[in-house]
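Following: one structure in C-alpha cells, then a few remarks.
The values are calculated or read from the model by the stated rules, or taken from the named source; none is laboratory data. Quick caveat: nothing in here was measured; it's all calculated off a predicted structure. For neighbour counting, all protein chains shown are included, and Cβ atoms are generated from backbone atoms with ideal geometry for every residue, glycine included.
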Amino acid sequence: MEVKSYRTIWISDLHIGSTQCQADVLLDFLKYNESEKLYLVGDIIDFWALSKKMFWPTSHNTVIQKILRKARHGTQVIYVPGNHDENVREYDKYVFGDIVVKNADYHTTAAGKRFLVVHGDEYDTIAQYHRWVAKLGSAGYDFLIELNRVIRAVRKLCGVSSHFSLAQFIKYKVKNIVQFISDYEESIVSTLKTEGLDGVICGHIHHAEIKNIDEFLYVNTGDFVESCTAIVEHQDGSLELINWLHENPEMDPDNIPATS
C-alpha cells in the first residue's frame with residue numbers, strides 16, 4: 001500500500017491502556033499516513049481504564065513509540081487532552097518528547113478556514129456536571145464492546161457477516177442517545193459560532209462526522225475503538241473523513257481468517 005501524505009491529520013479517542021483500543025489498526029494507519037501536523041484530540045491514554053486494571057500490551061507501547069518517532073522526524077504533534085486523560089491538562093503548553101500539550105488549539109487550513117481543536121467534553125453537560133454518570137456510561141460502553149466481540153464470533157460461525165457493532169446499533173436505535181449526540185453537536189456549535197470561527201474539530205462521543213450546522217462546520221474525528229476513523233486535511237485545505245477499515249480492508253477483523 002502506498003503511503004499518503006497530508007497537510008494535517010486529526011485522530012482521537014485511541015484509549016491506549018484499555019482493552020478496547022484497536023492498536024493494530026491504529027499502527028497500520030500511522031504507518032501508511034504521514035502529515036506535516038498531527039493532532040491527538042483527547043482520550044489518547046485511558047487513565048480511567050488503567051486505574052481499574054493495568055493493561056499495557058506491546059502494541060500499545062509501539063503506538064506511543066510510533067507517535068514519538070513521527071515527532072522526532074519533523075511532524076508537528078499537538079496533544080489536546082480529553083476527559084479520560086484529563087490529568088495531562090495540568091501540563092498545558094509543556095513539551096514532552098517533541099510533543100506539545102495544548103488544552104485547546106486554533107488551526108487555520110490551507111484554504112484559510114479557522115477551526116477550534118478541542119476534545120469536546122467541555123461541551124458535554126453529563127461529563128462536566130455528572131461525572132459519576134459519565135463513568136457509569138463509560139463502563140457500560142466497555143461492556144457493549146466486549147459483548148460485541150462474542151456476537152461477531154457467533155455471527156461468523158453461523159456464516160452471517162460479522163461486521164456488526166452493538167454499541168453503534170444502540171446509538172442509532174435508542175432515542176435518548178440519538179438525542180444526546182444531536183444536543184452535543186448543537187451545544188458546541190451554538191457556543192462557538194459567534195467567536196469568529198469557521199468550525200470546530202473535536203472527538204469525545206465516538207461518532208465521526210463532517211457536517212454544516214447553521215453555516216458552521218462541525219467535524220468529529222470518531223475513534224480507534226470501533227469505527228477507526230480520522231480526519232485529514234489535503235494540501236488544498238479540504239477536509240476528509242477517513243475510515244481506515246474501509247481504506248485497508250485487510251485490517252478488518254471480518255477479513256482475518258479464524259485460527260483453529
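Contact map, segment 100-111: first residue within 10 Å of Arg89 (Cβ to Cβ) and assigned to a strand (DSSP E or B), second residue among the β-branched types (Val, Ile, Thr) and modelled with pLDDT of 95 or more, Cβ cut-off under 9 Å, separation 6 or more or different chains; pairs are Val101/Ile78; Val101/Val80; Val101/Val88; Val101/Val95.
Count of segment 69-84 residues, restricted to those that are under 11 Å from Leu38 (Cα atoms) and either among the acidic types (Asp, Glu) or in a helix (DSSP H, G or I) (or both), is 2.
Per-residue answers, yes or no, for (1) at pLDDT below 95; (2) of a type outside the set (A, V, I, L, M); (3) within 19 Å of the chain's Cα centre (by Cα); (4) surrounded by 17 or more Cβ atoms within 10 Å (Cβ to Cβ):
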| residue | (1), (2), (3), (4) |
| --- | --- |
| Ile44 | no, no, yes, yes |
| Val77 | no, no, yes, yes |
| Asn83 | yes, yes, yes, yes |
| Glu86 | yes, yes, yes, yes |
| Val95 | no, no, no, no |
| Leu116 | no, no, yes, yes |
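So, in segment 155-169, of the ones that are surrounded by fewer than 15 Cβ atoms within 10 Å (Cβ to Cβ) and part of a helix (DSSP H, G or I), which residue ends up modelled with the lowest pLDDT? Of everything passing the filter in segment 155-169, Phe169 is modelled with the lowest pLDDT. Among the residues of segment 10-19, those that are touching a helix residue (DSSP H, G or I) at 6+ places or on another chain (Cβ under 9 Å) and either among the hydrophobic types (A, V, I, L, M, F, W, C) or buried (at least 22 other Cβ atoms within 10 Å of the Cβ) (or both) comprise Ile11, Leu14, His15, Ile16, Gly17, Ser18.
Looking at Gly120, Gly137, which one is in contact with a strand residue (DSSP E or B) (Cβ under 6 Å, 6 or more places away or on another chain) and modelled with pLDDT under 95? Break it down stepwise before answering.
Values: Gly137 fails: in contact with a strand residue (DSSP E or B) (Cβ under 6 Å, 6 or more places away or on another chain).
Only one candidate qualifies: Gly120.
Contact map, segment 41-59: first residue in contact (Cβ under 8 Å) with a residue 40 or more places away in the chain, second residue hydroxyl-bearing (Ser, Thr, Tyr), Cβ cut-off under 7 Å, separation 6 or more or different chains; pairs are Val41/Ser12; Val41/Thr221; Gly42/Ser12; Asp43/Ser12; Ile44/Tyr79; Trp48/Ser138; Ala49/Ser18. Of the residues that sit in segment 182-205 and are of a type in the set (S, T, N, Q) and free of Cβ contacts under 8 Å to residues at least 40 places away in the same chain, which one is surrounded by the fewest Cβ atoms within 10 Å (Cβ to Cβ)? If we take residues in segment 182-205 being of a type in the set (S, T, N, Q) and free of Cβ contacts under 8 Å to residues at least 40 places away in the same chain, then Thr194 is surrounded by the fewest Cβ atoms within 10 Å (Cβ to Cβ).
For segment 24-40, the criterion of a residue being part of a loop (DSSP other than H, G, I, E, B) and touching a residue at least 24 places away in the same chain (Cβ under 8 Å) is satisfied by no position.
Restricting attention to segment 206-224, the residues that are surrounded by 24 or more Cβ atoms within 10 Å (Cβ to Cβ), touching a Cys at 6+ places or on another chain (Cβ under 9 Å) and of a type outside the set (Ser, Thr, Tyr) add up to 3.
Filtering Thr108, Thr62 for residues that are surrounded by fewer than 17 Cβ atoms within 10 Å (Cβ to Cβ), modelled with pLDDT of 95 or more, farther than 30 Å from Gly237 by Cβ and not aromatic (Phe, Trp, Tyr) leaves a single hit, Thr62.
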